[in-house]
Amino acid sequence: MKEIAKVVNTNKIYKTGDTTISALNTSSVSFYAGELVLIIGPSGSGKTTLLSILGCVTYPTQGEVHINGNEVSSLPESKLGKIRLENIGFVFQGYNLIAPLNALQNVMLPLELMNIPAKEAKEKAIQALQKVNMEDRMKNLPKALSGGQQQRVAIARALVTNPSLILCDEPTAALDPASVDIVMQELKSLVSNDKCVVIVTHDMRLRQYADRIVYVDNGNVLKEEPISKYSH
């Protein structure tokens, strides 16, 4: 299987005065194309820190981060921004849609940041909205969409740049059960031979959608578990 991302002997330590807090203890874990991975653990366990390091949002204190075969943890912030834009899609619990922009404009935004011509950006954004069955709502502002619909627009925005790694932070926490299934089916459909979806959650209902689970607790990556024993 093609390796999309990995952290190698990576940790994250914060120092406040005389206090040292280890948000993530020294860990190594890899993520591969064609799989949907859950990172599961209680609040404060270190799972979001691991996701932030994978997403090149947070620098590790020690260790290496590799994205698509390239070691990126030693790069300056200016270059990390380019890597995030071109290789990684983000989906958040709060959707993070921009209120004055309609669904289509929200999805076009990453392409505009990449200086893609407007016509091409619009075409790609419409295609991304079609993939999550939201093309009929593309002129709607976020406030006119349900939580599940907003999350599907956010997924379209995450995939419009065709990233190989899609990182999701509690994407179903604010959704009702019906919307959870729709959103997880959409995320599952993104997994392909050249893409990996990684989801941080404490919601054990999501196990049925996963190919693998990585458990994190008290700053430690405890174990990894394939999901063959769970029925899909």
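The values are calculated or read from the model by the stated rules, or taken from the named source; none is laboratory data. The structure displayed is predicted, hence computed values, not measured ones. Positions of Cβ are generated from backbone atoms using ideal geometry, with glycine treated the same way; all protein chains shown enter the neighbour counts.
Residue by residue through segment 78-89, note down the ones that are more than 13 Å from Met114 (Cα to Cα) and either exposed (fewer than 15 other Cβ atoms within 10 Å of the Cβ) or more than 18 Å from the chain's Cα centre (by Cα) (or both).
Ser78, Lys79
Filter segment 49-67 for residues that are under 15 Å from Asn9 (Cβ atoms), in a loop (DSSP other than H, G, I, E, B) and in contact (Cβ under 8 Å) with a residue 40 or more places away in the chain and give the result.
Pro60, Thr61 - these are the residues of segment 49-67 that are under 15 Å from Asn9 (Cβ atoms), in a loop (DSSP other than H, G, I, E, B) and in contact (Cβ under 8 Å) with a residue 40 or more places away in the chain.
Residues being more than 14 Å from Leu222 (Cα to Cα), of a type in the set (Val, Ile, Thr) and surrounded by 12 or more Cβ atoms within 10 Å (Cβ to Cβ): count how many of those fall in segment 11-49.
4
When you go through (1) at pLDDT below 95; (2) closer than 23 Å to Thr172 by Cβ; (3) surrounded by fewer than 19 Cβ atoms within 10 Å (Cβ to Cβ) one by one for Leu75, which number turns out not to apply?
(2)
How many residues, within segment 150-182, are among the basic types (Lys, Arg) and either over 16 Å from Leu101 (Cβ atoms) or in contact (Cβ under 8 Å) with a residue 40 or more places away in the chain (or both)?
The qualifying residues number 1.
For segment 86-113, what are the residues that are touching a Ser or Thr at 6+ places or on another chain (Cβ under 7 Å) and either among the basic types (Lys, Arg) or more than 11 Å from Arg157 (Cα to Cα) (or both)?
Hits for segment 86-113 are Glu86, Asn87.
Return the pairs, sorted by first residue and then second, in which the second residue is of a type in the set (Phe, Trp, Tyr), the first residue lies in segment 5-20 and is free of Cβ contacts under 8 Å to residues at least 60 places away in the same chain, the beta carbons are less than 8 Å apart, and the residues are 6+ apart or on different chains.
Thr20/Tyr14
Go through segment 194-217 and give me each residue that's in a helix (DSSP H, G or I) and free of Cβ contacts under 8 Å to residues at least 60 places away in the same chain.
Arg205, Gln208 - these are the residues of segment 194-217 that are in a helix (DSSP H, G or I) and free of Cβ contacts under 8 Å to residues at least 60 places away in the same chain.
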